[in-house]
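What follows is a short report on a single structure.
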Amino acid sequence: MDKKGNPDFFKNIFYPTLGYQISYFCINYNTPVNTNLKEQELIKGLALNEKGAIETIYKDNFTVIQHLIINNNGSEDDAKDIFQEALIVLYEKAKSGVFELNCQIKTYLYSVSKRLWLKRLQKNNRFELLANGVEETVHVEEDVSLHEKRDDEFGMMEHAMMNIGEPCKSLLEAYYIYKQNMQEISEAFGYTNADNAKNQKYKCLMRLKKLFFAQYKNGNKNG
Amino acid sequence: MDDIRLLEMIERYLQGEMTEEEKILFKELRRTNPEVDQKVVEQHFFINQMERFNEDKKFRASLNEVHEQLTGEGNIKPYSGKSKVIQLWNRSKRTIAVAASIAGITALVISAVVSSLAPKTDKAQIENLGRKIDILEKNQNHTRRELSDVKNKIEIPGEPAKFGGTGFLIDTRGYLVTNAHVINKAERVSVQSQSGVELSARKVFSDDSLDIAILKIDDNLFKPLSALPYAITKNISGDLAEPIFTLGYPKDEIVYGEGYLSAKTGYKGDSLTCQISVSANPGNSGGPVINKNGEVIGILSTRQTTAEGVVFAIKAKNIFKALDDLKKDSNNLHIKLPATSSVKNIDRPQQVKKIQDCVFMVKGY
């Protein structure tokens, strides 16, 4: 058989790349209804911190963001950081329940990542223009600044938690996070009675609040 | 009511654990007591913060887990397409490898063929050749040395100088100042004392804009002087109509000239120079212009061709400027200008007798 005349011969060679590109553009520009429904499910799963949903979103979107960051002077670690932060923004939005899927998850994550990366570059005094990709973007400025505020608060709580020390940290987590009652807690932590545990919990909470609000008020004053 | 019990109440209220009766009472308390109300709001906010912190922390942990897992499964991998060049390389790696090995093999084959076909060279011959080259080189060196000896000998007597002027010592060790235009076209300079002894010298500094050059006498025949008779100081500018005299070499012999300071500026108001009235001829350039106290007020440099007796001298302070520049170029060089005149209050022939030994003819070849 004459190989040159056989179109399958070329197809076999070029199919993998071409195929990838076609499917890639399809997701971006055509939004079939079933894809939309699938994405809605993913968003719900993300809000509930479901592993499966996170995995799917991660797998489908990481590479695009990785390209974006690395092609714009970022490292492998930057790519991971920015992508995960974008996922947190999506997670926050999903949890708030106001996320209407007026755009693709991919578009949303790309827009947020781009915004976050630009901000980080500016913060490091590297005013570089991001190379324009083929990706379309949506307006995410409000989401990103809301996220920044929440990220700051996360940092303040993390700092406060780290500094109250044990047994306060575990005690407060047991009560407020794992919702154990005071009886269970006094047994687990070896207090002679629930009242003692209550006393201790109160002191710990006051300390945590003090640490948290010290930063919170400072942060708001500065901000 | 103590704080612990109040907190407990607030928490029970927020968690919806109160009975209807309790709730009504508590709401009443909140309404009437703004402090309690404030505490409820604060507690509500804080509990929300804590819960959110915890959820976010869990979510972040999940993200990292998923990242690790997907990396482990190979579903996500480090970005390989850092640049188009790398992509291109990856795509054509095999082709390039094949091409490179073909090139390598060809090279090997060619070199093998060449070495097998090339005639064997005689070792003895090579050694001979080497020695010959050695001998040749020795001969060459010898010739070169002889040639340079001859050259040195030829140049000393006879050869007429292409340029001539005057220069005078500014440092007892043999530094002279002259005009840059006297020597700037010369390949080699020498100076000749008024007694007729020619000494070789070299240029150490030259500035065309100041028209000042500094030479150093590099000759064993030159004996450093103990002191210079005249003074060269910054603040001597001369007074109008002040009598001045000059020494120079318009001919092969030192010539004395006398005049006065006729203007404080030079040609067309040039402030670097001053105007003197003295008879001067080509060859006087670079000579000292000295006042009656034996202080150098300038370097005779040019004359106006359209007028009689209009001569210009570079003011003495420009020598300092030149020395500053020289110091920048070669930081080890310190030239000490004579600060005091030893020919003050003696009559002119005595002055000139002492000064003339410090004024040289400058010859450029």
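The values are calculated or read from the model by the stated rules, or taken from the named source; none is laboratory data. Only a predicted model underlies this, so the values are computations on that prediction, with no experimental measurement involved. Reconstructed Cβ throughout: ideal geometry from the backbone, glycine too, with neighbour counts over all protein chains shown. Keep in mind that these areas ignore ligands, DNA and RNA; they rest on the heavy atoms of the full protein, side chains included. Shrake-Rupley method; radii C 1.70, N 1.55, O 1.52, S 1.80 Å.
Numbers for the structure displayed
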| item | result |
| --- | --- |
| Cβ pairs under 8 Å, 6+ apart, first in segment A:190-219 and part of a helix (DSSP H, G or I), second of a type in the set (S, T, N, Q) and open to solvent by 60 Å² or more (accessible area, probe 1.4 Å) | A:194/A:183; A:211/A:163 |
| Output for segment A:54-83, where each listed residue is facing chain B (nearest Cβ under 9 Å) and open to solvent by 20 Å² or more (accessible area, probe 1.4 Å) | A:55, A:59, A:63, A:67, A:71, A:76, A:80 |
| Residue in segment B:79-93 that is more than 11 Å from every other protein chain (Cβ to nearest Cβ), at pLDDT 70 or above, in a helix (DSSP H, G or I) and open to solvent by less than 60 Å² (accessible area, probe 1.4 Å) present | no |
| Boolean, residue B:315 is surrounded by fewer than 22 Cβ atoms within 10 Å (Cβ to Cβ) and either modelled with pLDDT under 90 or closer than 24 Å to residue B:262 by Cβ (or both) | no |
| Members of segment B:1-21 that are open to solvent by less than 60 Å² (accessible area, probe 1.4 Å) and charged (D, E, K, R) | B:11 |
| Condition check for residue A:184: closer than 30 Å to residue A:151 by Cα and surrounded by fewer than 16 Cβ atoms within 10 Å (Cβ to Cβ) | no |
| Condition check for residue B:290: over 20 Å from residue B:181 (Cα atoms) and outside any loop (DSSP other than H, G, I, E, B) | yes |
| Residue tally, condition open to solvent by 10 Å² or more (accessible area, probe 1.4 Å) and in contact (Cβ under 8 Å) with a residue 40 or more places away in the chain, over segment B:163-184 | 6 |
| Verdict on residue B:75 being in contact with a Lys or Arg (Cβ under 7 Å, 6 or more places away or on another chain), surrounded by 13 or more Cβ atoms within 10 Å (Cβ to Cβ), closer than 30 Å to residue A:59 by Cα and within 11 Å of chain A (Cβ to nearest Cβ) | yes |
| Count of segment B:249-283 residues which are in contact with a helix residue (DSSP H, G or I) (Cβ under 6 Å, 6 or more places away or on another chain) and of a type in the set (D, E, K, R) | 0 |
| Verdict on residue B:318 being under 19 Å from residue B:239 (Cα atoms), in contact (Cβ under 8 Å) with a residue 60 or more places away in the chain and out of contact with any Pro (no Cβ under 7 Å at 6 or more places or on another chain) | yes |
| Of all residues making up segment A:116-141, the number that are open to solvent by less than 70 Å² (accessible area, probe 1.4 Å), among the aliphatic types (A, V, I, L, M) and at pLDDT below 80 | 3 |
| Residue among B:199, B:176 that is of a type outside the set (Phe, Trp, Tyr) and under 17 Å from residue B:335 (Cα atoms) | B:176 |
| Verdict on residue A:38 being over 15 Å from residue A:93 (Cα atoms), away from every other protein chain (no Cβ under 12 Å) and of a type outside the set (A, V, I, L, M) | yes |
| Test: residue B:320 is part of a helix (DSSP H, G or I) and either within 21 Å of residue B:251 (Cα to Cα) or open to solvent by less than 60 Å² (accessible area, probe 1.4 Å) (or both) | yes |
| Residues that are of a type in the set (Val, Ile, Thr) and open to solvent by 60 Å² or more (accessible area, probe 1.4 Å), drawn from segment B:188-230 | B:197 |
| Every residue from segment B:325-354 that is open to solvent by less than 80 Å² (accessible area, probe 1.4 Å) and either assigned to a loop (DSSP other than H, G, I, E, B) or without any contact (Cβ under 8 Å) to a residue 60 or more places away in the chain (or both) | B:330, B:333, B:335, B:337, B:338, B:339, B:341, B:342, B:343, B:346 |
| Scan of segment B:209-245 for residues that are out of contact with any helix residue (DSSP H, G or I) (no Cβ under 9 Å at 6 or more places or on another chain) and under 27 Å from residue B:262 (Cα atoms), ordered by number | B:231, B:238, B:239, B:240, B:241, B:242, B:243, B:244 |
